[in-house]
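Peer 1: Structure below; questions to follow.
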Amino acid sequence: MSRLFPFHGGLKTVRHKTESNQQAIRPAPVPRRLVVPLRQHIGAIAKPLVQPGDRVLKGQMIGQAEGYISAAVHAPTSGVVTALDQRPVPHPSGLADWCVTVESDGEERWVERKPVDYHRLHPSELRNLLRNAGVVGLGGAAFPSAVKLNLSGHCDRLETLILNGAECEPWITCDDRLMRERAAGIVAGLHIIAHLLEPREVLIGIEDDKPEAIAAMTAACAGTGYQVRVVPTRYPSGSVKQLVKLLTGRETPVDGLPVDVGVQCFNVATAHTIHRAVDYGEPVISRVVTVTGQVRQPGNVEALLGTPFVELVELCGGYQDGVERLIMGGPMMGFALHGDEVPVTKATNCILAASAEQLTPDRPVMPCIRCGACVDVCPANLLPQQLYWHARAKEFDKAQDYHLFSCIECGCCSYVCPSRIPLVQYYRYAKNEIWAQEKEKQKAELARQRHQARLERLEREKQEREAKLRQKAPPRSEPAVAKPTLETAVARAKTSPAPTLETTAETVNRDG
Amino acid sequence: MIAAIVALSALAGVAGLLLGFAAVRFKVEGDPIVDKIDAILPQTQCGQCGYAGCRPYAEAIAAGEADINQCPPGGEAGIVALAELLGRDPKPLNPEHGREKPKMVAVIDEQSCIGCTLCIQACPVDAILGAAKHMHTVIARECTGCELCVAPCPVDCIHMVPIAETITSWKWTCPIADTEVRPSVDRAAA
């Protein structure tokens, strides 16, 4: 067993894994109506390709990737598009976003699927294929994978490729079940990633509370040279920068990415979708979701994207009494939902129906006593209480001096805070304010430039008008140069009445 | 005695030459403080401050002719930033110049527009598109919400609409009430 390089801080949390990881992944039935958001990834929203009334086939592209950081969106089943409008999506704001609604015809007719031999494709063609298949990171961040599969500009040669199967959040078990049941598919996807990135070594990081998954992945990796590394159960070992540190000992720079130190990291479920996209020609239209907490039969379901949360909860036996809040993601990094009608997206790894006891008790927030417990657990080596003071005081530039943007919002500091201060909320607030100020600044700069350009244009037009005026007035000056007599002046006045008036009228017309 | 006079005169001459050279070589074009003030102002070019635009207002502040609390779009945050830059006490917005409002964008009711071009001439950032006797429209992305186009419209077809919150513009709120702490103002006032 190779050496591990423990990261600073972190927590031992109550795991709550066995509630949902005992049964196999259940396929969820196709719902009658699917609401597919066009923005299921980080980056630009996909451009809709369908209109209400269109018939679509299962796997047909309904939203095209726009811009470099973006991913395509596909019809999860065959049917008719009934709406293209804004609907509530799983987001902490509870706001609506653009969605395509597909009424299922129950036939599940696939679009033509074209498996490809990836050895024959140029890397850029392969990346384009994945982008058009809608492949994004399924660990929860939903970052377009095609972007991460392009090393140019970051490093010449990738040292280490890491497959992230740590799944450190309490309650969530979708990656655990996926590794147990579909290890071969994951490794097939890993082959494709390794083919593109050509790393020196491939490591698979799995926390030691998943012995079955470790066994399955070890067996699937036999003879491939990929190494399964068992890491201790310590939250947040599944966070990218922490896992990179843990497995390779390399620290990701403050303003950089793991790829800047020669490491790239993918989630196990992402590897599986890459395998399906390349070897079967199937785009990302479903994912495994853990439905757990206060539901009668917690477990993992494979749901089509766009399935309403409430249908998955019903499939898992419905709510138990005492559900206080519905959370998407884990209890540490997830967010509370405003309703259970929102659709499953590529980022939906877990639906957690939490009871009051499972949530942080609503004790009153007390003043910070500067105990430093948050500093001890911060896995990003930050000073959370300094960040807290500055965020609270709206001194955002000082918060940035303390590396606010290195915060991964893991929630360890809030978890241990004896005063129950919602620290992470302060950091999110400060980050959002800084981004908003940045946007305002850009907008102001644009307005300044446009105003300047307008003033210059007006000045130029004025000068052009004056120049024209001077050109049109030569009769006044030329004869004067020639030989000014009373007769010529009278004659001129008779033949051309008031040339200046004419030009003035013209200018007025143009202005009007 | 004479040696001292000569030596001091020589020193004065050399220093004078050096200073003269520096004055030419390191001459600062324009007034840098105006640029700094202008960078803080919101660039709406709305004229609510009583000046013809953000730049003239910045020049007036630098010259000591205008106060720092005359810019409603900049709001309290703008006043605090100006106070910090100029080493003055922040003060509340002067209500004579208007109130702080949510961000707005101008919208032309295209059914009623008669194509008179008056709003195009009023727009300080050329954010209105159209031609004489043709329908006009506002380029929402460029509109600063200055409201200068509203008054000239002879058929009252321009309305200011608050910018709706979307998923991308939504922000996490501060966990404590907004009024609880105002350290930058408090400390500066103390």
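The values are calculated or read from the model by the stated rules, or taken from the named source; none is laboratory data. In this text the structure is predicted, and so the values were computed from the model without any measurement. As a convention, Cβ positions derive from the backbone with ideal geometry for all residues, glycine included, and neighbour counts pool all protein chains shown. Surface areas here come from the heavy atoms of the whole protein model, side chains and all, with no ligands, DNA or RNA. Shrake-Rupley method; radii C 1.70, N 1.55, O 1.52, S 1.80 Å.
Peer 1: Taking the Cα-to-Cβ direction at A:Ala219 and at A:Arg157 and moving 7 Å from each Cα, how far apart do the two end points lie in nm?
Peer 2: 3.6
Peer 1: Between B:Val24 and A:Ala184, what FRET efficiency follows from the Cβ-Cβ distance if R0 is 60 Å, with the result rounded to 0.05?
Peer 2: Efficiency at R0 = 60 Å is approximately 0.20.
Peer 1: Nothing charged except the Cβ atoms of Lys and Arg (+1) and of Asp and Glu (-1): what's the magnitude of the dipole of the range A:354-444 about its Cα centre? Round to the nearest 20 debye.
Peer 2: That gives the range A:354-444 a dipole magnitude of about 180 debye.
Peer 1: Which Cys residues of chain B have no other Cys beta carbon under 4.7 Å away?
Peer 2: B:Cys49, B:Cys54, B:Cys71, B:Cys113, B:Cys116, B:Cys123, B:Cys143, B:Cys153, B:Cys157, B:Cys174
Peer 1: So which of A:Lys443/B:Lys91; A:Lys210/A:Lys431; A:Lys431/B:Lys103; A:Lys241/A:Lys346 end up more than 30 Å apart by C-alpha?
Peer 2: Over 30 Å Cα-Cα: A:Lys210/A:Lys431.
Peer 1: Classify the range A:202-297 from the C-alpha gyration tensor, please: rounded if a/c falls under 1.5, else prolate or oblate depending on whether a/b exceeds b/c.
Peer 2: Rounded, because the longest to shortest axis ratio a/c is under 1.5.
Peer 1: How much accessible surface does A:Thr101 have with a 1.4 Å probe, in Å² rounded to 10?
Peer 2: 0
Peer 1: Suppose R0 equals 60 Å. What FRET efficiency, 1/(1 + (r/R0)^6) with r the Cβ-Cβ distance, do A:Arg465 and B:Arg88 give to the nearest 0.05?
Peer 2: Computed FRET efficiency for A:Arg465 and B:Arg88 comes out at 0.85.
Peer 1: Per residue of the range B:101-112, in order, report the coupling 6.51 cos²θ - 1.76 cosθ + 1.60 (Karplus, θ = phi - 60°) as ³J(HN,Hα) in whole Hz, putting x for Gly and Pro.
Peer 2: Couplings: 10, x, 4, 10, 9, 7, 10, 9, 6, 5, 5, 8 Hz.
Peer 1: Once Lys and Arg get +1 and Asp and Glu get -1 on their Cβ, which of A:Gly329, A:Phe405, A:Cys350 lies farthest toward the positive end of the dipole of the range A:329-470?
Peer 2: Positive-most Cα among the choices belongs to A:Phe405.
Peer 1: Considering the dipole of the protein assembly as shown built from charges on the beta carbon (Lys and Arg +1, Asp and Glu -1) around the Cα centre, which of A:Val268, A:Leu305, A:Leu387 is farthest to its positive end?
Peer 2: So the residue furthest toward the plus end is A:Val268.
Peer 1: To the nearest 20 Debye, how big is the dipole of chain B about its Cα centre, given +1 on the beta carbon of each Lys and Arg and -1 on that of each Asp and Glu?
Peer 2: Roughly 440 debye for chain B.
Peer 1: How far apart, in nm, are the 7 Å Cα→Cβ label points at B:Leu8 and B:Ile176?
Peer 2: If labels sit at B:Leu8 and B:Ile176, their model points lie 6.2 nm apart.
Peer 1: Roughly how large is the A-B contact in terms of buried accessible area, totalled over both chains, probe 1.4 Å, nearest 100 Å²?
Peer 2: Chains A and B together bury approximately 3100 Å².
Peer 1: Okay, moving on. Which whole number in µm²/s is D for chain A by Stokes-Einstein, with the Kirkwood Rh taken over Cα pairs at 20 °C and 1.002 mPa s?
Peer 2: 82
Peer 1: Calculate the FRET efficiency for A:Glu341 and A:Gln22 from the Cβ-Cβ distance with a Förster distance of 41 Å, rounded to the nearest 0.05.
Peer 2: 0.90
Peer 1: What spacing in nm lies between the two simple spin-label points modelled at A:Val116 and A:Ser2, each 7 Å away from Cα in the Cβ direction?
Peer 2: 3.1
Peer 1: Can I ask one more? I need the phi-derived Karplus couplings for the range B:75-84: 6.51 cos²θ - 1.76 cosθ + 1.60, θ = phi - 60°, integer Hz, Gly and Pro marked x.
Peer 2: Taking θ as phi minus 60°, the curve returns x, 5, 4, x, 5, 4, 5, 5, 4, 5 Hz for the range B:75-84.
Peer 1: On to the next question. Test of the criteria: in the range A:126-215, which trypsin sites (Lys or Arg not before Pro) are in a DSSP loop and have at most 16 other Cβ atoms within 10 angstrom of their Cβ?
Peer 2: In loop regions of the range A:126-215 (DSSP not H, G, I, E or B), the sparsely surrounded trypsin sites (Lys or Arg not before Pro) are A:Arg157, A:Arg200.
Peer 1: Output the peptides A:235-245, A:376-386 sorted from most to least packed, where packing is the average of other Cβ atoms within 10 Å over each peptide's residues.
Peer 2: A:235-245, A:376-386
Peer 1: Take peptides B:103-109, A:186-192 and line them up by average Cβ neighbours within 10 Å, highest first, as a rough protection proxy.
Peer 2: Final packing ranking: A:186-192, B:103-109.
Peer 1: With the full set of protein chains in place, find how many percent of the accessible area of the protein assembly as shown is carbon and sulfur; take the probe as 1.4 Å.
Peer 2: That share works out to 56 percent.
Peer 1: Additional query: Would you work out the relative contact order for chain B, in percent, from Cα pairs under 8 angstrom that are 6 or more residues apart?
Peer 2: 17
Peer 1: Size of the dipole of the range B:102-167 about the Cα centre, Lys and Arg at +1 and Asp and Glu at -1 on the beta carbon, nothing else charged, in debye to 20?
Peer 2: Dipole magnitude for the range B:102-167 comes out near 100 debye.
Peer 1: So, one more: To the nearest Å, what is the center-to-center distance of the range A:1-38 and the range B:102-137, using C-alpha atoms only?
Peer 2: So the separation of the two Cα centres works out to 53 Å.
Peer 1: What's the center-to-center distance, using Cα atoms, between the range A:127-167 and the range B:17-49 in Å?
Peer 2: 47
Peer 1: Using a probe radius of 1.4 Å on heavy atoms only, what accessible surface per residue do you get for chain A? Whole Å² is fine.
Peer 2: Counting only protein heavy atoms, the per-residue value for chain A is 47 Å².
Peer 1: I've got another one for you. Per residue of the protein assembly as shown, what 222 nm ellipticity follows from adding -39500 (n - 2.57) for every DSSP H run with n ≥ 4, rounded to the nearest 500?
Peer 2: -11000 deg cm²/dmol
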